[in-house]
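Some notes on the structure that comes next.
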Amino acid sequence: VQLQAYGGGLVQAGGSLRLSCAASGLTFSTYVMGWFRQAPGKEREFVAAIMWSGRTGNYADSVKGRFTVSRDNVNNTVYLQMNSLKPEDTAVYYCAAKAGSYDYTGVEKQDYWGQGTQVTVSS
C-alpha cells in the first residue's frame with residue numbers, strides 16, 4: 001500500500017493550498033481517508049476525514065469552515081482544500097487510510113500513512 005501526499009508549500013496568511021493524496025495497493029473505496037498534521041514540537045492531530053461515499057466530511061474544530069475534504073474513488077485520490085490559511089496551520093500534513101469507521105480520528109487507529117507534505121503559512 002502506498003499513499004503519496006503532495007501539494008504543500010509556502011503561502012501567506014489568508015491564502016489557499018490544495019493537498020492531494022494518491023493511493024495505490026488498496027481497495028480505496030472501502031477506506032475512510034483522513035488528513036492529519038503535526039507541527040514542530042507537537043503531537044500529530046486529526047484535521048479531516050471523509051467516508052467511503054464521499055458525501056460526508058468531518059473536521060477538527062480548528063479548521064471547520066476553512067478546509068474541505070473530498071475524494072475521487074475512480075482515481076483513488078483524496079484532497080484537502082485549505083482556504084483562509086493561518087500561521088497556526090503550519091505543519092507537516094499526512095494522509096491516512098482506515099478500514100472501518102470506528103474512531104477514524106484516532107492517530108493510532110489508522111491502517112496506512114502517507115509520507116507527509118510540508119505546509120508553511122507566513123504571517
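Work out the FRET efficiency for Leu10 and Asp111 from their Cβ-Cβ distance, taking R0 = 41 Å, and round it to the nearest 0.05. Walk me through the numbers on the way to the answer.
Numbers: r = 31 Å, r/R0 = 0.76.
For R0 = 41 Å, the calculated efficiency reads 0.85.
With every protein chain left in place, what is the accessible area per residue of the chain in square angstrom, probe 1.4 Å? Walk me through the numbers before you get to the answer.
Working: 6120 Å² over 123 residues.
Accessible area per residue, the chain: 50 Å².
Please identify the GluC sites (Glu not before Pro) of the range 13-94 that satisfy two criteria: DSSP loop assignment and at most 10 other Cβ atoms within 10 Å. Which are they?
Answer by residue number: Glu43.
Mind checking the range 23-83 for trypsin sites (Lys or Arg not before Pro) that DSSP puts in a loop (not H, G, I, E or B) and that have at most 12 other Cβ atoms within 10 Å?
On the way: sites: Arg37, Lys42, Arg44, Arg55, Lys64, Arg66, Arg71; in loops: Lys42, Arg44, Arg55, Lys64, Arg66.
Passing both the DSSP loop test and the Cβ count: Lys42, Arg55, Lys64.
Have a look at Gln38, Gln12, Gln110 and tell me which one the Gaussian network model of the chain (Cα, springs below 10 Å) gives the largest fluctuation.
Checking each option, the largest mean-square fluctuation is seen for Gln12.
Can you compute 3J(HN,Hα) from phi for each residue in the range 87-100, using the Karplus curve 6.51 cos²θ - 1.76 cosθ + 1.60 with θ = phi - 60°, rounded to whole Hz and x for Gly and Pro?
Along the range 87-100, the couplings run x, 6, 7, 4, 4, 8, 9, 10, 9, 8, 10, 9, 7, x Hz.
Ordered by residue, what ³J(HN,Hα) values in Hz, to whole numbers, does the range 45-57 give under the Karplus form 6.51 cos²θ - 1.76 cosθ + 1.60, where θ = phi - 60° and Gly and Pro are x?
Karplus-based 3J(HN,Hα) across the range 45-57 equals 9, 5, 10, 7, 8, 9, 6, 4, 6, x, 8, 10, x Hz.
Measure up Lys42/Lys98; Lys64/Lys86; Lys86/Lys109 against 20 Å on the Cα-Cα distance and list the ones that go over. Don't skip to the end; give the middle numbers.
Numbers: Lys42/Lys98 23 Å; Lys64/Lys86 13 Å; Lys86/Lys109 28 Å.
Flagged as over cut-off: Lys42/Lys98; Lys86/Lys109.
If you roll a 1.4 Å probe over the chain with all protein chains in place, what percent of the accessible area is carbon or sulfur?
Numbers: 2760 of 6120 Å².
Looking at the chain in its full context, I get 45 percent from C and S.
The values are calculated or read from the model by the stated rules, or taken from the named source; none is laboratory data. Bear in mind the structure is a predicted one, so any value in this text is a computation, not a measurement. Don't worry about glycine lacking a Cβ; one is built from the backbone with ideal geometry, like all the others, and counts go over all protein chains shown. The area values use the complete protein model at the heavy-atom level, side chains included, leaving out ligands, DNA and RNA. Shrake-Rupley method; radii C 1.70, N 1.55, O 1.52, S 1.80 Å.
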